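Some notes on the structure that comes next.
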Amino acid sequence: MKFLLLYLPILIVADNDTKQIVGVHIVAPHAADLIHEGTLAVKFKMKIDDIIDTVHVFPTLSEAIKLAAQSFYKDVSRLSCCTE
């Protein structure tokens, strides 16, 4: 079974039990600049927590990938400002 994570135009597909990322979809302007992180996550069998623990500089577009990963654990719309 797979678990789908969605934050705005980013969809992260991860195994529900292991949290291993098996796919990333981005439908947004500059998606070609962001998809590389998803490609590496799949290639190197990264887990959701690996993305969360990676520094994503604020404010940048790549921060949206971290927010998508954080949505696995919490409602990111309730964050006060940026990623935690």
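Observations
- Checking each residue in the stretch 13-67 for being of a type in the set (Phe, Trp, Tyr) and modelled with pLDDT of 90 or more picks out only 44.
- Taking residues in the stretch 36-51 that are at positive phi, and partners anywhere that are open to solvent by less than 80 Å² (accessible area, probe 1.4 Å), the pairs with Cβ atoms closer than 7 Å and at least 6 places apart or on different chains are 45/20.
- Residue tally, condition among the aliphatic types (A, V, I, L, M), in a helix (DSSP H, G or I) and closer than 17 Å to residue 9 by Cα, over the stretch 52-63: 0
- Members of the stretch 30-49 found to be farther than 19 Å from residue 60 by Cβ and part of a helix (DSSP H, G or I), listed by number: 42, 43, 48, 49
- Filter pass, residue 22 being among the β-branched types (Val, Ile, Thr) and open to solvent by 80 Å² or more (accessible area, probe 1.4 Å): no
The values are calculated or read from the model by the stated rules, or taken from the named source; none is laboratory data. It should be emphasised that the depicted structure is a prediction, and the values quoted were computed from it without experimental measurement. Cβ atoms come from the backbone with ideal geometry, glycine included; neighbour counts cover every protein chain shown. For the accessible areas, the whole protein counts, side chains as well, though only heavy atoms, and no ligand, DNA or RNA atoms are used. Shrake-Rupley method; radii C 1.70, N 1.55, O 1.52, S 1.80 Å.
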